[in-house]
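> Let me begin by handing over the structure; questions about it come next.
The values are calculated or read from the model by the stated rules, or taken from the named source; none is laboratory data. Just so it is clear, the model here is predicted, and its values are computed rather than measured. Virtual Cβ from ideal backbone geometry, glycine too; neighbours counted across all protein chains shown.
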Amino acid sequence: MVQPNQSNKYDPFSLVSAEMGVLAKNIASLIGSGHPTLNRVSSYYFEAEGKNVRPLIVLLLSKALSNIPESERTRIIIDQYDVNDQEEFKGTPKAFSFAGQSPLDSISPLRVLHGINPSIVLNPLSKPMMDKKIYEKVDVKNGILPKQRRLSEITEMIHTASLLHDDVVDFSDSRRGRDSGNIAFTNKMAVLAGDFLLGRASVSLGRLRNSEVVELMSTAIANLVEGEFMQLKNTVIQPDLNQIENDNELKSIPEPTGKLSTQIHEYSISTPTSGVITHSENVNAAFQYYLHKTYLKTASLISKSSRSAAILAGCNEDIIENCYQFGRNLGLCFQIVDDMLDYTMTAELLGKPAGADLKLGLATAPVLFAWETKPELGPLIARKFSEKNDVELANRLVEETNGVERTRKLAESYCTEALKNLRQLPESDARSALELLTNSVLTRNK
Ligand code: FPP
Ligand code: FPP
Ligand code: MG
């Protein structure tokens with residue numbers, strides 16, 4: 001599987017280094033606005049490099065898919081309008097018209113009102129899909145389509161928007177080695193910049209002219225919010241659903257008027273084997289909830305991006321589904337390893353028994369596995385480990401029950417599935433690089 005002596009050849013980054021090298025610059029060209037302060041906040045997280053793992057996967061997968069003969073990539077793309085070859089988006093006026101005059105304008109009243117030469121104002125709607133020179137030199141050789149490259153940028157923009165919001169929600173003070181957006185600017189500006197990034201990501205998404213991809217990626221955005229809601233840190237939704245507890249304060253929330261009916265996900269067991277819900281059914285439901293939350297929070301974006309990359313390549317249904325499952329399995333594996341490291345890292349490196357998640361009230365895989373054989377963990381999980389010694393006791397029970405080891409096994413099973421998905425693609429350097437990346441998720445220690 002992993003061939004260390006050939007690791008350079010399959011180095012995930014080097015295979016798409018040209019594309020990765022221009023990622024931040026390309027994104028910057030999509031997020032220019034007429035407001036200088038907004039520009040600073042929205043480009044802030046792109047200045048400090050993140051791991052860029054999502055665009056890396058989209059690009060490598062796109063390259064791997066290019067090895068499928070065109071004769072087998074015959075899926076009809078319903079939206080025929082193709083923007084790949086054009087220099088500019090049709091219908092966008094070349095000269096900058098007065099702000100808002102045309103529905104396609106990037107609205108920049110400040111600059112217009114201050115008399116700044118409109119021709120230098122960045123209009124994201126008139127941006128070509130890619131730099132032609134780089135396209136001819138790099139993408140064509142790599143087999144990566146301009147739309148797939150843009151998709152990789154859109155994915156990172158959505159991810160970054162979610163980080164800006166997440167740092168407000170989590171009261172974080174740092175991100176990517178410096179002050180987080182909420183600290184460096186303000187909560188308000190961080191939230192607005194996140195919204196702005198989502199808006200611009202949507203513009204770029206629309207320009208792909210593929211409604212299936214628009215639907216998928218928009219669903220990924222909604223999923224991020226659903227995942228975040230399912231995992232509200234420090235906030236306990238009370239059993240009566242009309243109250244929430246935030247930072248030890250109980251708050252009543254407005255009751256629904258009943259005029260609208262909304263669907264809810266059901267995690268309690270609908271048909272208990274006996275009249276009462278058994279312990280194992282309870283644990284099972286909690287595990288389902290955990291995996292669903294994990295999918296929404298971490299795996300949805302990468303799985304739907306992977307699916308989109310295959311759709312844009314015109315692949316057949318089996319390949320499209322396979323790419324989706326690859327992203328799903330990899331994303332789940334990533335987050336489960338993350339949850340495991342939260343236990344092992346603190347114990348091994350910091351010499352402390354408790355990790356961050358328990359302190360935040362989160363019940364992840366290690367403690368859920370422990371709960372199976374230690375029913376006394378139930379009340380602790382329910383009260384989000386908020387009482388004195390809860391965290392220490394939970395840690396001890398996790399240790400006694402091999403909760404961490406079982407979590408590793410669970411992550412391994414998703415890793416194995418992701419590798420199986422990859423093997424459905426033709427053999428290539430890009431596929432080997434993805435295999436290497438998938439395997440490295442399990443061996444990472446930070
Ligand atoms: C921030 O993203 C952290 C999370 C979204 C939770 C855990 C996610 C991972 C461990 C990586 C997910 C990987 C895949 C394949 C979906 P980040 O760690 O990617 O942050 P960064 O953009 O600053 O590197
Ligand atoms: C990192 O998790 C954050 C996420 C995976 C997504 C957060 C999503 C929202 C705040 C909803 C808003 C979404 C959009 C698209 C605007 P973490 O806190 O576990 O990781 P961290 O330690 O890197 O902060
Ligand atoms: Mg956070």
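> Scan the helices (runs of 4 or more DSSP H) fully inside the stretch 241-352 and keep the ones with 3 or more residues being surrounded by fewer than 19 Cβ atoms within 10 Å (Cβ to Cβ) and modelled with pLDDT of 90 or more.
Counting at least 3 such residues, we get 279-294, 317-345.
> OK, next. I'm checking my understanding of the structure. Among residues of the stretch 198-240 that are under 21 Å from the mean Cα position of the chain (by Cα), within 16 Å of ligand 3 (Cβ to nearest atom) and farther than 17 Å from L301 by Cβ, which one is modelled with the lowest pLDDT?
K233
> Now a separate question. Tally the residues that are within 15 Å of ligand 3 (Cβ to nearest atom) and in a helix (DSSP H, G or I), restricting the search to the stretch 148-186.
Of the residues in the stretch 148-186, 14 are within 15 Å of ligand 3 (Cβ to nearest atom) and in a helix (DSSP H, G or I).
> Now a separate question. With respect to L442, determine if the residue is touching a Cys at 6+ places or on another chain (Cβ under 7 Å), at pLDDT below 95 and of a type in the set (A, V, I, L, M, F, W, C).
So L442 fits the description; yes.
> Filter the stretch 230-240 down to the residues that are part of a strand (DSSP E or B) and surrounded by fewer than 13 Cβ atoms within 10 Å (Cβ to Cβ) and list them by number.
none
> Which one is farthest from ligand 1 (Cβ to nearest atom) among residues in the stretch 233-252 that are hydrophobic (A, V, I, L, M, F, W, C) and without any contact (Cβ under 8 Å) to a residue 24 or more places away in the chain?
Restricting to residues being hydrophobic (A, V, I, L, M, F, W, C) and without any contact (Cβ under 8 Å) to a residue 24 or more places away in the chain, the top hit is L250.
> Quick check, is A184 aliphatic (A, V, I, L, M), modelled with pLDDT of 95 or more and in contact with a strand residue (DSSP E or B) (Cβ under 9 Å, 6 or more places away or on another chain)?
Criteria met by A184.
> Something else now. Suppose we filter T235, T219, T257 for residues that are within 20 Å of P379 (Cβ to Cβ) and β-branched (V, I, T); which single one remains?
Going through T235, T219, T257 in turn, the sole match is T235.
> State all residues of the stretch 196-230 that are under 25 Å from H292 (Cβ atoms) and of a type in the set (S, T, N, Q); if no residue qualifies, say none.
S218, T219, N223
> For L362, work out the one condition from (1) hydrophobic (A, V, I, L, M, F, W, C); (2) part of a loop (DSSP other than H, G, I, E, B); (3) more than 25 Å from K233 (Cα to Cα) it doesn't fulfil.
For L362, the failing item is (3).
> Still on this structure, I have one more. Restricting attention to the stretch 154-170, which residues are among the hydrophobic types (A, V, I, L, M, F, W, C) and either within 7 Å of ligand 2 (Cβ to nearest atom) or more than 22 Å from V213 (Cβ to Cβ) (or both)?
I158, A161, L163, L164, V168, V169
> Of all residues in the stretch 187-229, which are more than 25 Å from S43 (Cβ to Cβ), touching a residue at least 24 places away in the same chain (Cβ under 8 Å) and either within 16 Å of ligand 1 (Cβ to nearest atom) or outside any helix (DSSP H, G or I) (or both)?
Result: R209, N210, L216, T219, N223, E226, G227.
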